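Okay, structure first, notes after.
The values are calculated or read from the model by the stated rules, or taken from the named source; none is laboratory data. All values derive from a computational prediction rather than experimental measurement. All Cβ positions, glycine included, derive from the backbone under ideal geometry; neighbour counts span all protein chains shown. Surface areas here come from the heavy atoms of the whole protein model, side chains and all, with no ligands, DNA or RNA. Shrake-Rupley method; radii C 1.70, N 1.55, O 1.52, S 1.80 Å.
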Amino acid sequence: MRAAVLTEPGALSVVSVPEPSCGPGDVLIRMRGTGLCGSDLAVHAGHRRPPRLPWILGHEGTGRVVGTGGEVSGLRTGQDVVIEPDYCCLTCDTCLAGRTSACGARAAVGLTVPGLLSEYVVAPAAFVWPVAPDLPAEDLVCVEPATVARAAMRRSGIAPGQSCLVIGAGSQGLLLCQALVGHGVTVYVQEPNAARLDRACSLGATPLPPDTGGLPFLFETSGAPGAVEQGLRRLATPGTAVLIGMSTAPLGVSPRDLVAGQITLIGSMIYDHPVDFAQTVGALEARTPPRLGAVVGAGYPLEDVEQAFTAAYTAPGKVWIDLS
Ligand SMILES: [Zn+2]
Ligand SMILES: [Zn+2]
């Protein structure tokens, strides 16, 4: 089968690799599409190191079941599925308490185990979600990042009628804008890339006016320390800041800023199994508008993976690889 492999930072090639073998609790999937996101770009750019090279990236994937292990029930050949690409252990105290995102044994697809930019993948059945057969791949490649967005919104406690600032309108920021607008929240957005800002506005967000008073909620998707600091200064007192974007650069915020601002700081790491994926898949099946695919930009065939990664750094909307 063909797969896109990172051979060194910044260099991808499409090669022939052996098809993965399906264990008794696994599902073999013929992939239809895989989305690209910031964490893929971080590995591609050399900011995050994969376990080895060459390495298969990608964690936002959809496909069709073509085989199941002997112990799998509830999934059958021919079903369309999305993959929940964070395999927590489901047995440690953290998992049993429902915070699977903090599981110390969690395998992260595309980061600690091989990713989804290949024609076939195997995944543990517990992390494979069946979906309706007639949904567009553009919607399905957004399920995973949309779940990251919805988990951030859930953890924030923001209610309909409230307002917030979203910093960054890359694909994660766009999905957050979409989820928050759908929740009845007034969304202000800050994004230096004009095309991305336009895209956020098309989803119902408003550019942040310079004279807005303090806002009760901040969702930060860029991870840039300067942007986080600026966002914290736009918070009302008290305020809640939900950080989603990641970088290793330190933040210049004093304890006084946090205490006097009465700031609740939430580090929102992915999502928790199974509640968050169940919610996104449920909304998708209920055809609750708007369509997730409204945030999708260009689709590229696998052989153009290099151009796709290059485009993903600045493109308005999510870039994805069409593997069908
Ligand atoms: Zn992602
Ligand atoms: Zn665990």
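Quick notes
- A Cβ-based charge dipole, computed about the Cα centre of the chain with Lys and Arg at +1 and Asp and Glu at -1, lands at about 520 debye.
- Once you reduce segment 275-312 and segment 156-221 to the center of their Cα atoms, the two points are 19 Å from each other.
- Contact order, relative form, for the chain: 20 percent (alpha carbon pairs under 8 Å, 6 or more residues apart, mean separation divided by residue count).
- In a reduced charge model with +1 at each Lys and Arg Cβ and -1 at each Asp and Glu Cβ, segment 148-267 shows a dipole moment near 260 debye about its Cα centre.
- Once both labels are positioned 7 Å from their Cα atoms along Cα-to-Cβ, the gap between residue 233 and residue 52 label points is 4.8 nm.
- When 140, 251, 243 are compared by accessible area of protein heavy atoms, the largest-first order is 251, 243, 140, using a 1.4 Å probe.
- If the chain linking residue 311 and residue 324 were pulled fully straight, counting 0.36 nm for each residue of separation and taking away their Cα-Cα distance, it would gain 2.6 nm.
- Accessible surface ranking that places the most exposed of 31, 1 first, with a 1.4 angstrom probe: 1, 31
- With the simple spin-label model, which puts each label point 7 Å out from Cα in the Cβ direction, the residue 279 to residue 30 separation comes to 3.5 nm.
- Counted residue by residue at 0.36 nm each, then reduced by the alpha carbon distance between them, the extension gain from residue 13 to residue 45 reaches 10.0 nm.
- Residues in segment 81-100 reached by a label modelled at residue 134 [backbone nitrogen below 18 Å; 7 Å Cα→Cβ]: 81
- Extension gain from residue 303 to residue 107, taking 0.36 nm per residue of separation minus the Cα-Cα distance: 67.8 nm
- In order along segment 87-92, the Karplus-derived 3J(HN,Hα) couplings, from 6.51 cos²θ - 1.76 cosθ + 1.60 at θ = phi - 60°, round to 8, 7, 7, 6, 10, 6 Hz, and Gly and Pro are given as x.
- Counting only protein heavy atoms and a 1.4 Å probe, the chain has 42 square angstrom of accessible area per residue.
- Two-site FRET efficiency, residue 260 against residue 206, from Cβ-Cβ distance with R₀ of 22 Å, rounded to 0.05: 0.20
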